[in-house]
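Below: the structure, in structure tokens.
The values are calculated or read from the model by the stated rules, or taken from the named source; none is laboratory data. Computed from a prediction, not measured in an experiment: that's the story for all the values here. Ideal geometry is used to build each Cβ from the backbone, glycine not excepted, and the neighbour counts take in all protein chains shown. The accessibility values were calculated without ligands, DNA or RNA, using every heavy atom of the protein model including side chains. Shrake-Rupley method; radii C 1.70, N 1.55, O 1.52, S 1.80 Å.
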Amino acid sequence: MCAAATIDSQQNASQQRAQLLVHGVVQGVGFRPYVYQLARQHGLTGFVMNSTAGVVIEIEGAPEVLDAFVLALTAQAPPLVEIRDVARAALAVAGDREFVIRASDVGPVAFTLIPPDICVCDDCLRDVRDPANRRFEYPFTNCTNCGPRYSIIEDIPYDRSATTMAEFAMCADCRAEYEDPSNRRFHAQPNACAVCGPRMRLSADGREVESADARAVLEPVAEMLRDGGIVAWKGLGGYQLACDARQPKAVEELRRRKRRSEKPFAVMVADVADAESICIVSAAERAALVSRERPIVLLRRRPEAALAEDVSPRNPMTGVMLPCTPMHDLLFRVLRENALREKMAQPVVLVMTSGNVSEEPIVIGEAEAEQQLGEIADAFAHHNRRIHTRVDDSIVRIFDDEPMVMRRARGYAPQPVWLGLGEAEVLACGAQQKSTFCLTKAGFALPSQHLGDLENYETLQFFEQTQERMQRLFHVSPKVIAHDLHPNYMSTRLALSLPAERRIGVQHHHAHIASCMAEHQLEGSVIGLAWDGTGFGTDGTIWGGEFLAAGLAGFERFGHLRNVLLAGGDAAVREPWRVARSYLRDAFGTAIPEHAVAPVSGGKLRLVDAMLDRRLNAVETSSCGRLFDAVASLIGLRHRVSFEGQAAMELEAIASGELTERYEVAFDGGEVDLRPMVRQVVQDVAAGIDQPRIAARFHNTLVAVAVEMSRQMKQQFGLRRVCLSGGCFQNLRLLSGCVQSLRAEGFEVFYQRKVPANDGGISLGQASVACEIIKTEG
């Protein structure tokens, strides 16, 4: 196919020709038709084409016009285009008389970036809602500015033949749009309509309904949801499980079937107005809700919100998202129409949670869905657009009026992070929980989407499958593998099993700080505060409350929170009272006040005491995350948890007011002695001080610790830049206090937004460390 704009120009001696090689997210985002139109506006001849190296442009014309074209190229680019650089080279004048769009060059294997899946744009929504439009109520409507990308791409260059849409032959109308450079669907690879494109299919109670008319599926789905049913719904990057979030019995039943006792569910609403009816929404939160990524946004729920309590039990925050596809938008239109007919004033709110069984990867195939979700869902809303790569929903939280990514997946992956640390091709295998991996190529880091916890075989398979696919898509052949130091992490075992010329072990908390440095492109050394649950230390203990003087190539451990013993290893993570017992013994010895003893059986207490006395199945840790667990137990808030981080979330949630009160701690040669604080917390509980006030004092104490230790490190190392990383810094009360207080002391403070501060960002840190070591060694 070749689209041409004939240019009636005479070649003369003043003509020049240039080749531009454009790198960045420039394929599948409307860049070539934009270049075509721009060249025509400037009266230039030549061509533009996709290649495996990027987008190649050759332009010919007067020198000053060429310069103007190059300036406009980056200044006026379409919204999804992200240009990293433009390499320009002079060529001999060829005497072209037109500017054309050439077919893609699939020749030399190089490197190009791939766009993430993007939510439906306003133009496509107007098409879907317009009865006069031929795509009226077509649930797979998209254009070059929106729709599936990463989840359907099988190879590059990004052409339809290399996507799962190759299975659908375009009708004459869609083909005309696809071949028209003036149409916003020019080379929109997922372009389709009800005549030629994917269709929805309902499977429920032994009946099968497949139709080009989406309402034939959506009407019965809406009826099932209204009647309290649970529907497995095939979305953009995988299946979701939906039920009416206003019906307690439906939500309770979903929890029972999904085996998810307390972890919060996300909900979906039709628009911002409905989001505002159930949650308090700031301007920044509104912007995140309607952004092209369409993430789940954590919002503070209104006390009067008409939601079942089990949506977010004991948690004032609710994850809210808006429809990201025309299919979701159509479902809400049908639900709203039904609600109006039934004269229901309340907004329509659906639980919309990952379609999986308890921590396994999100399901993407129809047979897989019916097999794995068959005991959860009452009905299945399938469609026949195949998902090549599973991508879960992303989660963000607003801090300082900007989004902070908590889980990086749909809408964000596989967006690159620029490192500029050489050409090394590295595979970094990440951590055990909230797993991601990271590849590097041509100075870019390419973190994977959120994969999950590598504690089950299915997630490990997902890891390996996604690794193979990303290496193929980005043409990465890693010679170096970076990994965590923990010998029992599945990611470490995988790293050691793969062929490599070199392996680089990276300490967990060093990787946290390196991840923050990489995101902000920091060179030299920084003060690193790495606070999280657990990470294997270089001394064989479990670290987690660390103060590091760190650069990318190495670090020095300046200090840490005082170690205590964890009795029972993982059992202590599930039962915070065990951690509290260890802190009590450390602070009081054998004279533990009776009121501070956890409400568990005497036999369990004696067993834990024996483990601590004899150091049997008990490991030392400086973990800040476990400190949160201990305090939650000491004040009677949470003695057991059903998911990791639950106690810390609830402690953050109840901390009230802008109290400046704090507890005492001692500083001893880099060790932060927490025993004075533990004694005071116990005294406050005995004195009847309420939980919110104790929680606030505890947070304030940690902020004071961060400031004092940073002061000491500045004095010793002369450093003024502070990086905050680790899962504890997804606690906004802690993060806000540290950022404000450290800045007030004259420190320059950095924290993470693009990649999670939790273990989801570990792989980026590992990759950065490995690239720096390779670069330094030459």
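Which whole-number percent is the relative contact order of the chain (Cα, under 8 Å, 6+ apart)? Intermediate values should be presented prior to the final figure.
Numbers: 1790 pairs, mean separation 84.5, N = 778.
The normalised contact order for the chain reaches 11 percent.
Once segment 22-116 is represented by equal point scatterers at the alpha-carbon sites, with solvent omitted, what log10 I(q)/I(0) does the Debye formula produce at q = 0.13, 0.17, 0.20, 0.25 Å⁻¹?
Reported log10 I(q)/I(0), two decimals: -0.41, -0.71, -1.00, -1.51.
Roughly to the nearest percent, how much of the accessible area of the chain is carbon and sulfur, given a 1.4 Å probe? Don't skip to the end; give the middle numbers.
Values: 13710 of 28650 Å².
Solvent-exposed carbon and sulfur of the chain make up 48 percent of the total.
Projected onto the charge dipole of the chain (+1 at Lys/Arg Cβ, -1 at Asp/Glu Cβ, origin at the Cα centre), which of Ile481, Leu91, Ser182 gives the Cα projection farthest towards the positive end?
Ile481
Whose amide H sits under 5 Å from the amide H of Ala379, counting only residues 5 or more places off or on another chain, with H placed in the peptide plane?
Close amide H contacts, sequence-distant or interchain: Ile230, Ala232.
Given the peptides 475-487, 367-379, arrange them by the average over their residues of other C-beta atoms within 10 Å, most packed first. Mind dumping the intermediate values first?
Working: 475-487: 19.7, 367-379: 16.5.
Going from most to least packed, we get 475-487, 367-379.
Run the quick spin-label model on Ala172 and Glu210: label points 7 Å from Cα toward the beta carbon, then report their separation in nm to one decimal.
2.6 nm
Once you compute Rg and the Kirkwood Rh from C-alpha atoms, what is the Rg to Rh ratio for segment 164-306? Don't jump to the answer; show the numbers that get you there.
Working: Rg = 19.1 Å, Rh = 18.4 Å.
Reported Rg/Rh, Kirkwood definition of Rh: 1.04.
Would you please report the Å³ per residue occupied by the convex hull of the alpha carbon atoms in the chain? The partial results should precede the final answer.
Numbers: hull volume 132.6 nm³, N = 778.
Convex hull volume per residue, Cα atoms: 170 Å³.
Please enumerate, by chain and number, the aspartates and glutamates with C-alpha under 18 Å from the C-alpha of Lys479, excluding those fewer than 8 residues away in the same chain.
Glu423, Glu425, Glu464, Glu468, Glu501, Glu772, Glu777
Just the accessible area per residue of the chain, please: how many Å² with a 1.4 Å probe?
Details: 28650 Å² over 778 residues.
Heavy-atom accessible area per residue stands at 37 Å².
For segment 214-368, just the Cα atoms, rotate onto the principal axes and tell me the three extents in Å, largest first.
42, 36, 32
For a quick protection proxy, order the peptides 561-572, 324-335, 764-775 by their average other-Cβ count within 10 Å, most packed first. Please list the in-between numbers first.
Values: 561-572: 20.8, 324-335: 23.2, 764-775: 27.8.
Final packing ranking: 764-775, 324-335, 561-572.
Once Rh for segment 366-421 is found with the Kirkwood sum over Cα pairs, what is the Stokes-Einstein diffusion coefficient at 20 °C and 1.002 mPa s, in µm²/s?
On the way: Rh = 14.7 Å.
After rounding, the answer is 146 µm²/s.
Rg over Rh of segment 133-232, using C-alpha atoms and the Kirkwood radius, what does it come to?
Working: Rg = 15.7 Å, Rh = 15.1 Å.
When Rh is taken as the Kirkwood radius, the ratio is 1.04.
Over the alpha-carbon set of segment 607-726, work out the extent along each principal axis and list the three values in angstrom, largest first.
Projected onto its principal axes, the Cα set of segment 607-726 covers 46, 40, 28 Å.
Consider a paramagnetic label point 7 Å from the Cα of Arg88 along Cα→Cβ; state which residues of segment 15-29 have an amide N under 16 Å from it.
Correct set: 15-23.
When the C-alpha atoms of segment 69-217 are aligned to their principal axes, what extent does each axis show, in angstrom, from largest down?
67, 34, 27
Apply the Karplus parameterisation 6.51 cos²θ - 1.76 cosθ + 1.60, with θ equal to phi minus 60°, to every residue of segment 268-277 and state each ³J(HN,Hα) to the nearest whole Hz, in sequence, with x for glycine and proline.
10, 10, 6, 7, 5, 4, 5, 4, 5, 6
With a ≥ b ≥ c taken as the square roots of the eigenvalues of the C-alpha gyration tensor of segment 702-750, please select rounded if a/c is under 1.5 and otherwise prolate if a/b is larger than b/c or oblate if it is not?
Because a/c hits 1.5 or more and a/b exceeds b/c, segment 702-750 counts as prolate.
Taking N as the number of residues in segment 86-167, what is its Cα Rg relative to 2.2 N^0.38 Å? Could you put the intermediate results ahead of the total?
Numbers: Rg = 17.7 Å, N = 82, 2.2 N^0.38 = 11.7 Å.
Relative to the 2.2 N^0.38 Å estimate, segment 86-167 comes out at 1.51.
Spelling out what I want: for every residue of segment 384-396, take phi, set θ = phi - 60°, compute 6.51 cos²θ - 1.76 cosθ + 1.60 (Karplus), and round to whole Hz; glycine and proline get x.
Each residue of segment 384-396 in turn: 9, 8, 5, 8, 7, 10, 6, 9, 7, 6, 7, 10, 10 Hz.
Name the long-range amide H neighbours of Gly559: under 5 Å, sequence gap of 5 or more, or other chain; modelled H, no Pro or chain starts.
The list, which skips near neighbours in sequence, is Phe547.
Would you pull out the residues with amide H under 5 Å of Val749's amide H, same chain only if 5 or more places away, H placed 1.01 Å from N?
Val722
If you average the C-alpha positions of segment 475-499 and of segment 721-778 separately, how far apart do those two centres end up, in angstrom?
23 Å
Quick one: Karplus J couplings for segment 74-84, per residue in order, coefficients 6.51, -1.76, 1.60, θ = phi - 60°, nearest Hz, x for Gly and Pro?
8, 6, 10, 5, x, x, 8, 6, 10, 8, 8
Based on alpha-carbon centroids, what's the gap between segment 589-633 and segment 339-377 in Å, whole number please?
Going from one Cα centre to the other spans 40 Å.
Any idea how far apart Glu777 and Ser601 come out in nm if each label point goes 7 Å out from Cα toward Cβ?
Here the answer is 5.4 nm between the modelled labels.
For segment 337-430, what are Rg and Dmax over the alpha carbons, in angstrom?
Expressed in Å, the Cα Rg and Dmax of segment 337-430 come to 19.2, 63.
Can you give the net charge of the other residues whose Cβ lies under 13 Å from the Cβ of Gly24, counting K and R as +1 and D and E as -1?
On the way: positive: Arg84; negative: Glu82, Asp85.
Neighbour charge sum, excluding Gly24 itself: -1.
Averaging over every viewing direction, what projected area does the convex hull of the Cα atoms of segment 196-279 cover, in nm²? List each step's numbers first, then the result.
On the way: hull surface 28.7 nm².
Quarter of the Cα hull surface area: 7.2 nm².
How large are Rg and Dmax for segment 33-88 when only the alpha carbon atoms are used, in Å?
Expressed in Å, the Cα Rg and Dmax of segment 33-88 come to 10.9, 30.
Between segment 642-718 and segment 541-556, what is the C-alpha centre distance in whole Å?
21 Å
From the cross-link list Lys249/Lys434; Lys714/Lys775; Lys258/Lys434; Lys258/Lys754; Lys234/Lys754; Lys441/Lys754, which pairs have alpha carbons spaced over 22 Å apart?
Lys249/Lys434; Lys714/Lys775; Lys258/Lys754; Lys234/Lys754
Can you give me the convex hull volume of the Cα atoms of segment 540-592, divided per residue and expressed in Å³? Before the final figure, lay out each step's value.
Working: hull volume 5.4 nm³, N = 53.
So the per-residue hull volume is 102 Å³.
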